[in-house]
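Accompanying notes for the structure given below.
The values are calculated or read from the model by the stated rules, or taken from the named source; none is laboratory data. Note that the structure is predicted; figures quoted are calculated from it, not measured. All Cβ positions, even for glycine, are placed from backbone atoms using ideal geometry, and neighbour counts span all protein chains on display. Note: areas computed on protein heavy atoms with side chains; ligands, DNA, RNA excluded. Shrake-Rupley method; radii C 1.70, N 1.55, O 1.52, S 1.80 Å.
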Amino acid sequence: KDTGKPEDLLEGNSLILHGIETELLGEIDPQAVVQGKVRIGEGTRIGPRVKIRGPVTIGKNCVLNNCYVGPYTSIGDVVTIEGGEIEHSIVMNGVTINTTKRIVESILGERCVVGGVSNSLPSGHKLILGDQTAVEL
């Protein structure tokens with residue numbers, strides 16, 4: 001596969017995640033739900049009202065609250081997710097997600113910030129896109 005193409009990178013991620021084993025090193029709130037093969041790194045805090053459905057890998061020192069992480073999602077280190085849903089995606093180190101929307105089949109590069117449009121005025125979509133980017137709003 002040409003892993004320079006987003007769809008092939010996501011497919012490669014799915015193949016790797018298919019073979020992971022469960023390893024829960026972080027702190028998981030008793031009200032959180034973790035299903036399937038899930039790896040959670042040291043120092044990561046999974047709060048209440050979080051549902052994780054594997055295969056999923058979550059790096060070190062992350063904070064997840066009030067969100068859903070669906071199958072075939074890889075989350076890097078020092079990531080914060082507050083609300084929303086993400087599935088079949090790659091989230092690299094230092095990303096912040098604070099939205100009520102659903103993110104699917106996406107690749108979020110290092111230190112990206114994804115926020116809800118209702119959090120800013122005037123409302124609208126602010127985009128900084130690289131070459132050959134595809135966006136659906």
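Accessible area per residue for the range 44-108 is 41 Å², calculated with a 1.4 Å probe on protein heavy atoms, without ligands, DNA or RNA.
The H on the amide N of Val33, modeled in the peptide plane, is under 5 Å from the matching H of Val50, Lys51, Ile52, each at least 5 residues off or on a different chain. Charged neighbours of Val56, selected by a Cβ distance under 11 Å, balance to +3 (K, R count +1; D, E count -1). Applied to the range 66-82, the Karplus parametrisation 6.51 cos²θ - 1.76 cosθ + 1.60 on θ = phi - 60° returns per-residue 3J(HN,Hα) values of 6, 8, 10, 10, x, x, 6, 10, 10, 10, x, 7, 6, 9, 10, 10, 10 Hz, with x for Gly and Pro. Histogrammed with a bin width of 5 Å, the alpha carbon distances of the range 1-97 distribute as 3, 15, 26, 29, 16, 7, 3, 1, 0 percent, first bin at zero.
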